[in-house]
Amino acid sequence: MHGFANPTRFLSLASWLTPLLLALGLILTAGALAWGYFVVPPDRLMGETVRILFVHVPAAWLGMGGWAAIAVSSLAFLVWRHPLANLAARAAAVPGLVFTAICLVTGSIWGRPTWGTWWVWDGRLTSMLVLLFLYFGYIALSGAVAREGASARIPAIFGLVGAVNIPIINRSVVWWNSLHQPPSITMGKSAIDAEFLVPLLVATVGFSLLFAGVVLVRMRTMLAQVQVEARLRRRAQRAPSDLEAGAT
């Protein structure tokens, strides 16, 4: 992990890994969605609405996975002072927010014909909504810290505390009585027919690769901004001495 603390080494890896992740992610995602929407038959109970799961499930997975990435990066920053961990956490926040929003929107679209309502205040939906607000809070806090030059430990601690919500989301349908269906995929078994499960897993892998590629793009952009700001500060510090030398 510390081997990539050097920005030059990280950028050399990210320069070829980013397009690879994005290309593979686009291919797998497009193929899985085409498979799920045009090949897979309608479900016996849910009918055509089952097709929204090929977006909804990966979005839910990456909404939670995005915050998990924030928490792990925050831990690496607080414990090991990894210089790129803070950037990694900030880079994962926006795509995590986007996937969480997609999860909530597609879930509402699926819930309208299935439950007869767009929204219910049950454990799973409420905890996912809390996750959305946590993302907004983290993005605002980390942005303010970056602008004001305050301690980056503040958003890192927030990222770790917010991770408490992840197991709540995961176990909410087990702990509380809920309209939301119980877990369909558990360790070693699945309640989903293979005809639906295979394209769903491919879509999840594809979206995950896209997520990773976007995070790397954002990290490279943030790192470039940091380097430009550092270069400008050095020039500003040298300017007075250059003027004094010219005057003499």
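How long are the semi-axes of the equivalent ellipsoid of the stretch 1-119, defined as square roots of 5 times the Cα gyration tensor eigenvalues? Whole Å, largest first.
On the way: eigenvalues 258, 70, 15 Å².
Listed largest to smallest, the semi-axes of the stretch 1-119 are 36, 19, 9 Å.
So what is the accessible area of the stretch 15-106 per residue, in Å², with the probe set to 1.4 Å?
45
Label-point separation (nm) for Trp121 and Val94, each offset 7 Å from Cα along Cα-to-Cβ?
For Trp121 paired with Val94, the spin-label model returns 3.4 nm.
What spacing in nm lies between the two simple spin-label points modelled at Ala150 and Leu13, each 7 Å away from Cα in the Cβ direction?
In this crude spin-label approximation the distance works out to 3.1 nm.
Roughly how many percent of the accessible protein surface of the stretch 45-89 is carbon and sulfur, given a 1.4 Å probe and a whole-percent answer?
For the stretch 45-89, the apolar C and S fraction of the accessible surface comes to 78 percent.
The values are calculated or read from the model by the stated rules, or taken from the named source; none is laboratory data. Values in this document were obtained by computation on a predicted structure and should not be read as measured data. Every residue, glycine as well, gets a Cβ built from its backbone with ideal geometry; the counts of neighbours run over all protein chains shown. All accessible areas refer to the heavy atoms of the entire protein, side chains included, with ligands and DNA or RNA removed. Shrake-Rupley method; radii C 1.70, N 1.55, O 1.52, S 1.80 Å.
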